[in-house]
1. Can you go through B:Thr27, B:Thr20 and tell me which one is over 28 Å from A:Gly106 (Cβ atoms) and of a type in the set (Val, Ile, Thr)?
2. Looking at B:Asn97, B:Asn58, which is the one that is under 12 Å from B:Tyr32 (Cα atoms) and either in contact with a helix residue (DSSP H, G or I) (Cβ under 8 Å, 6 or more places away or on another chain) or not in a strand (DSSP E or B) (or both)?
3. Within segment B:34-48, work out how many residues are more than 9 Å from chain A (Cβ to nearest Cβ) and open to solvent by less than 60 Å² (accessible area, probe 1.4 Å).
4. Being in a strand (DSSP E or B), closer than 22 Å to B:Ile46 by Cβ and either away from chain B (no Cβ under 12 Å) or open to solvent by 20 Å² or more (accessible area, probe 1.4 Å) (or both) is the filter here, so list the residues in segment A:1-58 that pass it.
5. Looking only at segment A:67-104, filter to residues that are open to solvent by less than 30 Å² (accessible area, probe 1.4 Å) and touching an Asp or Glu at 6+ places or on another chain (Cβ under 7 Å); which one of those is farthest from the other protein chains (Cβ to nearest Cβ)?
6. Only one residue in B:Glu52, B:Glu61 is within 10 Å of chain A (Cβ to nearest Cβ) and of a type in the set (Asp, Glu). Which one?
7. Pick from B:Phe64, B:Phe75: which is at pLDDT 95 or above, out of contact with any helix residue (DSSP H, G or I) (no Cβ under 8 Å at 6 or more places or on another chain) and surrounded by fewer than 18 Cβ atoms within 10 Å (Cβ to Cβ)?
Amino acid sequence: KAGVTQTPRYLIKTRGQQVTLSCSPISGHRSVSWYQQTPGQGLQFLFEYFSETQRNKGNFPGRFSGRQFSNSRSEMNVSTLELGDSALYLCASSPDRDGNYGYTFGSGTRLTVV
Amino acid sequence: AQTVTQSQPEMSVQEAETVTLSCTYDTSESDYYLFWYKQPPSRQMILVIRQEAYKQQNATENRFSVNFQKAAKSFSLKISDSQLGDAAMYFCAYRGNPNAGGTSYGKLTFGQGTILTVHP
């Protein structure tokens, strides 16, 4: 069974640009969450989608957005990139609606903003 | 808001020995889940063990076990017979009750992590 797949693995962007990251959850998983991981702030929750609906959102500016498609694949978009957006972005999926059995994470996308 | 604290930035253990990683959390909820995740250099977060707050019995997964003290809001991880492959960053995480307002959907609140080094 394929795991959570995130693409691309590495990305270098320039300040002011926008970026789109992709996440394919495990087959059958309908809940997808996104996290930002930095050395200073640790792991912070961005948002969660279930059946194409955003159910929860973390404390991030509006430049961070996401969506989920009917096949449960999810994308997150960051517009007007800032140097502080450099981070590892992790996606996680859950087999159940509430995530009671834990979340399976992908290997992340390492975004560097220069 | 819930918070998770891991007071040990780094820990080390000899191969085959036992080590305990500490975690405390703060919440006003009575129903929640706690997790330990492992993040090796490959970056992928791997679920080690989960605990349901309403269960008194401590969870166990092979060499990994927890000491869950609900009243003290403590959730430590014990690794027995440590192996070189256990070396990683370990994160304690809290997931609240999604039925209590929806603010917990998909959201894990993580501690700052503990780097575990295993010496041969």
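The values are calculated or read from the model by the stated rules, or taken from the named source; none is laboratory data. All figures in this text were calculated on a predicted structure; none of them were measured in a lab. Backbone-built Cβ (ideal geometry, glycine too); neighbour counts: all protein chains shown. With ligands, DNA and RNA removed, areas are computed over all heavy atoms of the protein, side chains included. Shrake-Rupley method; radii C 1.70, N 1.55, O 1.52, S 1.80 Å.
1. B:Thr20
2. B:Asn97
3. 5
4. Answer for segment A:1-58, where residues must be in a strand (DSSP E or B), closer than 22 Å to B:Ile46 by Cβ and either away from chain B (no Cβ under 12 Å) or open to solvent by 20 Å² or more (accessible area, probe 1.4 Å) (or both): A:Thr5, A:Thr7, A:Tyr10, A:Leu21, A:Ser22, A:Cys23, A:Ser24, A:Gln37, A:Thr38, A:Gln44.
5. A:Val78
6. Result: B:Glu52 is the single residue among B:Glu52, B:Glu61 that is within 10 Å of chain A (Cβ to nearest Cβ) and of a type in the set (Asp, Glu).
7. Being at pLDDT 95 or above, out of contact with any helix residue (DSSP H, G or I) (no Cβ under 8 Å at 6 or more places or on another chain) and surrounded by fewer than 18 Cβ atoms within 10 Å (Cβ to Cβ) holds for just one of B:Phe64, B:Phe75, which is B:Phe64.
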